[in-house]
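The block underneath contains the structure these notes are about, expressed in structure tokens.
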């Protein structure tokens, strides 16, 4: 009887696990999904523009990089890193990895602005705003991220 009960428990346990793993991760209301795409879209458009500006060495990017104390030779490699992070964020299977990589990259931007003593609201915190848009959009559309980062205590 014990063997039968444990076999039944295993089947029930595996079927519950299977149901959870096969449920789509983007289960959210229509309004939440639309808001998530808007938030992520704003961040992605900004980040894509910044990456392209670095890749083509736009005068603004060259000047900004110099003002931050970085050699101009880092522009293109940074643009490539940004495009890789953006691609990872835009692919649903790797979006969390992309968000994590962006968080690290944007943390470096915060550190750079602190080092050169730029203004807080407009320069130092701007990468934080972008990261909040990226993670906010992801949080709204992906139940797995909501489970990892709950905004309220579960009953």
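Quick note: the coordinates plus some simple rules give every number you see, no bench work behind them. Please read these numbers as outputs of a predicted model, since none were measured by experiment. Here the Cβ is made from the backbone with ideal geometry for all residues, glycine too, and neighbour counts use every protein chain on show.
Listed values, structure above:
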| quantity | calculated |
| --- | --- |
| Relative contact order (%) - criterion: Cα under 8 Å, at least six apart; region: region 36-148 | 32 |
| Spacing of the two label points (7 Å from each Cα toward its C-beta) at residue 93 and residue 151, in nm | 3.1 |
| Label-zone membership for region 43-60, site residue 67, 7 angstrom Cα→C-beta point, backbone N under 15 Å | 58-60 |
| Shape of region 36-148, Cα gyration tensor, a/c cut at 1.5 | prolate |
